1. Let me know the Rg and Dmax you get for the range 36-89 when you use only its Cα atoms, in Å.
2. Separation of the range 161-236 and the range 39-102 by C-alpha centroid, Å?
3. Which order do you get for Trp6, Trp187, Trp111 if you rank them by accessible area with a 1.4 Å probe, largest at the top?
4. What is the gain in length, in nm to one decimal, between Leu171 and Asp28 on full extension, counting 0.36 nm per residue of separation less the C-alpha to C-alpha distance?
5. Taking the 0 to 90 degree range and rounding to the nearest ten, how far is the long axis of helix 249-268 tilted relative to the main principal axis of the chain, both from C-alpha atoms?
6. For the chain, build the convex hull from the C-alpha positions and give me its volume per residue in Å³.
7. What span do the alpha-carbon atoms of the range 195-276 cover on each of the three principal axes, reported in whole Å from largest to smallest?
8. Would you please state the base-10 log of I(q)/I(0) at q = 0.13, 0.15, 0.19, 0.21 1/Å for the range 92-209, with intensities from the Debye formula using one equal scatterer on every alpha carbon?
Amino acid sequence: MMSKTWLVTGTHTGFGKQLAIQLAQHDDINLVATSRKAGQLDYLDQYDHGQIAKVILDVTKHDQVVAAVRSATERFGGIDVLVNNAGLGYFGTFEESNLEDVKYMFDVNVWGLVDMTRETLPIMRKQKSGVIVNFSSIGGLYSFPTLSFYHGTKYAVEGITGSIEEEVKDLGIKTMLVEPSGFRTDWAGRSSHKTMPTHDDYEQFTKFIDDMANGAHHEPGDPVMAAEIIIDQVTNHSDQLPTHLPLGKISSDLATDKYTKLLQQFKDERELSLSADRPERNDN
Ligand SMILES: NC(=O)c1ccc[n+]([C@@H]2O[C@H](COP(=O)([O-])OP(=O)(O)OC[C@H]3O[C@@H](n4cnc5c(N)ncnc54)[C@H](OP(=O)(O)O)[C@@H]3O)[C@@H](O)[C@H]2O)c1
């Protein structure tokens, strides 16, 4: 079997690292592992027998995005699976959030993913095959207080990926949105800036932010299992790849609950919705 080439962003820690460790042990996979700084991927050396490329990649730096994609194609002849994993969080009420931090999070979570995908899609179109795995979150489907802008980034990833899916599904290219709830990575800790409420009206949210920060690395989700599931879906179930993959019980529960309630709401509002169209457009 011909080897498949995976390029994964943000493989220094968390989901990305677990994906890299497992992909590095597959016989028929070439891995392009990426980190922002040199020396952060030494953990891969023990598995390297010529099938691993370690590349410096900050997804907010266009020249590095271009170079990472080019090094994958030069070294391995193409990219079969792109995993847009790199991402950050940010906690703070909508009113009190620091917009500089927020804009940087959009640069990573949204524009970095967009840049990587736009550089990779021409290669996949030429191959007439490929899979794009985009890390969203339960936070791309369901909203909590103090995460308005994080949700903004992940709802954006959901919307953008949905359109990409429609545009490339007849070209042999598939997309999969990964939507985890809490997993034991660095996300809730060092990878999420926090702005504590200063306004009395928002005091109640201090505990929520504290609890999230203190819960880092104690979440129910296991990134080792998540990586296994993602690799298995892409490798063995590509014919029926899920377009949305909530990971973890909390994610599955909240997504199901939200969409069940929304479905009922849409049904209840049916007459009201239809009443907005001009009468001749409501024939059927
Ligand atoms: N863990 C969860 O509970 C959870 C739930 C839902 C969704 N997610 C999503 O899962 C993805 C991975 O996060 P994680 O949970 O594995 O957290 P993590 O352990 O903090 O890993 C995030 C990775 O992204 C990298 N990164 C940050 N900014 C980057 C940039 N500008 N360019 C390239 N890489 C960058 C980090 O690199 P450095 O080490 O250099 O900072 C790190 O390797 C994110 O998209 C996150 O939103 C996580």
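The values are calculated or read from the model by the stated rules, or taken from the named source; none is laboratory data. Just so it is clear, the structure is predicted and the values come from calculations on it, not from any experiment. We work out accessible area using only protein heavy atoms, side chains counted, and drop any ligands, DNA or RNA first. Shrake-Rupley method; radii C 1.70, N 1.55, O 1.52, S 1.80 Å.
1. For the range 36-89, the Cα-based Rg and Dmax read 12.0, 35 Å.
2. Taking the Cα centre of each part, the range 161-236 and the range 39-102 sit 16 Å apart.
3. Putting Trp6, Trp187, Trp111 in descending order of accessible area: Trp111, Trp187, Trp6.
4. Full extension from Leu171 to Asp28 adds 49.1 nm.
5. Result, in degrees: 40.
6. 165 Å³
7. 52, 50, 18
8. Values returned for q = 0.13, 0.15, 0.19, 0.21 Å⁻¹ are -0.58, -0.73, -1.02, -1.17.
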